[in-house]
Amino acid sequence: MNQLTTAAFSGVLFPEVTERLIINTTADDTPIFSTLLAMGRKVTAGSPTLEWWTVDADARATAINNAVGYNSGATSIDVDSAAALRVGDVIVIARTQELLLITAISTNTLTVIRSVGTTAAAAIVDNDPVINLGPFFMEGEALPSARNTTNVKKTSYTQIFRRSLELSRTAASSTLKTEDAKTQERRKKLLEISRDIEHAAIFGEPFEETSGGKIRRGTMGIRAFASVNVADGNGTVTEPELDDWLSQVFSKGSRHRLVTGGRTACDVVRRIKKPTMQGRPEDSVIGFKATRYQTPDGEFDLARHRLMTGATDTELIAIDLEGGAEGVVPDICVLTGADLALKENQEAKGTDGVADEYLAELGFRWGNPETHGRMTNVAVSG
């Protein structure tokens, strides 16, 4: 890793210098923020309101909804949801492999032709998984009706982050054994504001509040956003249970995830799964170490998060940093002209001392909630 020396903190800290310092020196405390920076996931926002659209593709699976099931000759079949099914679609009963052609739909009741493939019709039981193979067209068929995907608007905000340092003139002019006091304070305050941003990236919720007569905004954190693939580990987690959760997480988006969490939760993963690789090639750029694991559905890099303690010590968060066809990739949105940088000489006129301030206004967009996930109560390995 290309570590920056303490001299980097003594010069003018423009945004690009500050960014390098974060990636190289605070990544152990800010793995999410640092990784997004290292991946170049930073864009300019022209407004403090961050809006983006995700595309929810048609569901490809549902299940049989009839307690007594159906015999091999039944042609009227109820499913949990037919919202994404159309006349002309062929569905397969996953357990029996029988193919059924849909000829009519009434709410969640399907009229079907049984066994249109080579697999014979067989009895169907309640909760049998049903997979939609998509439309099968007849020769000379007219233009089919459009199958529109659902666009869902997501909203977050930029948040103002500030950390100041003040030194008397005497302290600012003093040199310590390793570095001068001003450089030391700059280093400490950069770590503090980086942690502030990382906390927001994890725990934040979007809001606008005006009780003080001016607007105060909060940005969206990944815990609030990752509301779809949520599982309860119930204290004791086995490898199949972990893989089942990861299978849900990997069902959309890319085939790679960053999984981070508290010490207890990460220790559980390390005990029940065997790593395939220690560290990633880009670790030398990002500045923190991760352990890579392989699953049938994709791979993930596990990194313990120092800021996830207490109630979140037994929690895992899976983040799709690479995105996929279902929506935009996660990124950091910086309000125009408000990138994180050090503003020097902010002391009041006539003050016998110096004051600098780190200041930024930024927020997070997380792409599609269906590509992320959370597992809670991961305390003991089964």
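Coordinate-derived values only; no laboratory data. Computed from a predicted structure; not experimentally measured. Glycine gets a Cβ as well: all are built from the backbone with ideal geometry, and neighbour counts include every protein chain shown.
A few comments on the model shown:
- For the pair ALA74 and MET138, a Förster radius of 25 Å applied to the C-beta separation gives a FRET efficiency near 0.55, rounded to the nearest 0.05.
- The eigenvalues of the Cα gyration tensor, multiplied by 5 and square-rooted, give segment 195-308 an equivalent ellipsoid with semi-axes of 30, 18, 14 Å from largest to smallest.
- For the listed peptides 66-75, 366-375, a ranking on the average number of other beta carbons within 10 Å per residue, highest first, reads 366-375, 66-75.
- Peptides ranked, highest mean first, by Cβ atoms within 10 Å: ranges 315-323, 44-52, 17-25, 152-160: 315-323, 17-25, 152-160, 44-52
- What the Cβ-Cβ distance of SER211 and SER254 gives, at R0 = 35 Å and to the nearest 0.05, is a FRET efficiency of 0.30.
- Given their separation in residues at 0.36 nm each and the Cα-Cα distance between them, THR336 and ARG292 gain 12.2 nm when the chain is fully extended.
- Packing rank of 34-43, 135-144, where each peptide gets the mean count of other beta carbons within 10 Å, highest leading: 34-43, 135-144
- Relative contact order of segment 61-148: 37 percent, from C-alpha pairs under 8 Å at least 6 residues apart in sequence.
- Span-like helix ranges in the chain, DSSP H, alpha carbon extent 27 angstrom or more, Kyte mean at least 1.0: none
- FRET E, pair LYS274, SER106, Förster distance 51 Å, beta-carbon r, rounded to 0.05: 0.55
- Segment 306-375 and segment 44-114 have Cα centres spaced 39 Å apart.
- Pairwise label distance in nanometres, SER81 with THR309, each label 7 Å out on the Cα-Cβ vector: 4.0 nm
- Take every Cα pair under 8 Å whose residues are at least 6 apart in sequence, average their separation, divide by the length of segment 105-239, and the relative contact order is 19 percent.
- Mean sequence separation of contacting Cα pairs (under 8 Å, at least six apart), scaled by the length of the chain, corresponds to a relative contact order of 23 percent.
- Full extension of the segment from ARG20 to THR238, taken as 0.36 nm per residue of separation minus the current Cα-Cα distance, would add 74.5 nm.
- Computed as a quarter of the hull surface, the mean projected area of the alpha carbon convex hull for the chain stands at 25.8 nm².
- Legend: distances between Cα atoms for LYS188/LYS349; LYS188/LYS273; LYS153/LYS214; LYS42/LYS154; pairs beyond 29 Å are LYS188/LYS273.
- Annotation: lysines with alpha-carbon distance below 17 angstrom to LYS274 (same-chain offsets under eight excluded): LYS289.
- Length gained when the stretch ILE113-ALA63 is fully extended (0.36 nm per residue, less Cα-Cα span): 16.3 nm
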